[in-house]
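Visitor: Mind having a look at this structure? Questions to follow.
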Amino acid sequence: MLAFILRRLWQMLPTMAGVVLLVFLLFNWVGGDPAYILAGKMSDAEAIANIRRQLGVDQPYHVQLWIFVKQILTFDFGNSWATGESVSHIMATRLGPSLTVLIPLTILETVFGIALALAIAFVRGSLTDRAVMVACTVGMSISILVYIIVFQYGLAYKLGLFPVQGWGASLGENLLRYATLPILIGLAVSIAPTLRLYRSFVLDEAGQDYVRTARAKGLPERRIMWVHVLRNAAIPIITHVMANLPALLIGAFLLERFFGIPGIGREVILAVERSDFPVIKAITVYVAAATMIFNLLTDLLYQAVDPRVQLK
């Protein structure tokens, strides 16, 4: 196990190097000169030169690349160009609000998705099964903006069940008051595609030979579905959940923007609007690193779920 982890960590280095090089090239060659963005339209050549010197973009490209690598190794991406706040502090303070929404959302989505997929698998091919699939298709066709506007207007503004916007100082207040409605909206949006996907995983396993053998031995259908089928369907489910975790931090930007949640997704939108390259670069690198780490954790979870899986 330890040898597998060390080997995978070693294999991550070339991938991470490629990500760093790609990000550097995009922001330095395609992104334009940041000095002109920060100086504004009315600045003179001397002001632009001073800004370029302060940012270090007047250095040769190999020097700038080494500075970028040192920033990654030290977790210090400097200060935000828009606010002057430390990028590390921005990341640390914005991560908590995002996780307050995303962790309960991921847990609820996974639990409800698995339970409903197994329930639908019991009545596969029936009118109930077809009706649920049609409802999922309709739900997937509706934009997340529609869900946000309807839920926010109806449940928060009209009925007053939840705050329309805002964020508190404590975890309990945020989780029970401010994050509840965004979690419900996220669950409403994600449950339809999740149910369709998990249903396909369960039905694929339900048609295998070992399931027919279990039925021939007289095992009850409930035990077959919840023990044998679920155990094997858990592998693609784990892949789906773990692969989506890094992207969820960025993908929830609409929820964070509409509800005033000071999270990572909202920070990405603000950074793009302000052309705040240090923040964008830091988030890009962190998401890439998180993706590789979660891929490693996925393989370890495979081994925990099914010891027959050989780690290579």
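Visitor: Ile261 is checked against (1) assigned to a helix (DSSP H, G or I); (2) surrounded by 18 or more Cβ atoms within 10 Å (Cβ to Cβ) and fails just one. What number does that condition carry?
Guide: Ile261 satisfies every listed condition except (1).
Visitor: Then there's this: Report, by residue number, each residue of the stretch 95-119 that is within 20 Å of Tyr286 (Cα to Cα) and either open to solvent by 50 Å² or more (accessible area, probe 1.4 Å) or over 23 Å from the mean Cα position of the chain (by Cα) (or both).
Guide: Leu95, Leu99, Ile103
Visitor: Determine which single condition Glu273 fails, assuming it passes every other condition in (1) closer than 29 Å to Ala35 by Cβ; (2) at pLDDT 85 or above.
Guide: For Glu273, the exception is condition (2).
Visitor: Being part of a helix (DSSP H, G or I) and either at pLDDT below 90 or basic (Lys, Arg) (or both) is true for just one of Arg94, Arg124. Which residue is that?
Guide: Result of the check over Arg94, Arg124: Arg94.
Visitor: Still on this structure, please answer the following. Give the residue, chosen from Leu181, Leu248, that is open to solvent by less than 40 Å² (accessible area, probe 1.4 Å) and not in a loop (DSSP other than H, G, I, E, B). Before the answer, list the steps.
Guide: On the way: Leu248 fails: open to solvent by less than 40 Å² (accessible area, probe 1.4 Å).
Criteria check complete, one pass: Leu181.
Visitor: Another question, if that's okay. Answer yes if at least one residue in the stretch 199-210 is of a type in the set (A, V, I, L, M, F, W, C) and modelled with pLDDT under 85, and no otherwise. Walk me through it before giving the result.
Guide: Step one: of the stretch 199-210, the residues of a type in the set (A, V, I, L, M, F, W, C) are 201-203, 206.
Filter once more, so that each one left must be modelled with pLDDT under 85: 206.
Checked the stretch 199-210: at least one residue is of a type in the set (A, V, I, L, M, F, W, C) and modelled with pLDDT under 85.
Visitor: Also: Does the stretch 163-201 hold any residues that are hydrophobic (A, V, I, L, M, F, W, C), closer than 12 Å to Leu108 by Cβ and free of Cβ contacts under 8 Å to residues at least 40 places away in the same chain, and which are they?
Guide: Answer for the stretch 163-201, where residues must be hydrophobic (A, V, I, L, M, F, W, C), closer than 12 Å to Leu108 by Cβ and free of Cβ contacts under 8 Å to residues at least 40 places away in the same chain: just Leu184.
The values are calculated or read from the model by the stated rules, or taken from the named source; none is laboratory data. The shown structure was predicted, so the numbers you read here are calculated from the model rather than taken from an experiment. Cβ sites come from the backbone with ideal geometry, for glycine too, and all protein chains shown count toward neighbours. Please note that ligands, DNA and RNA were not included when accessible areas were found on the heavy atoms of the full protein model with its side chains. Shrake-Rupley method; radii C 1.70, N 1.55, O 1.52, S 1.80 Å.
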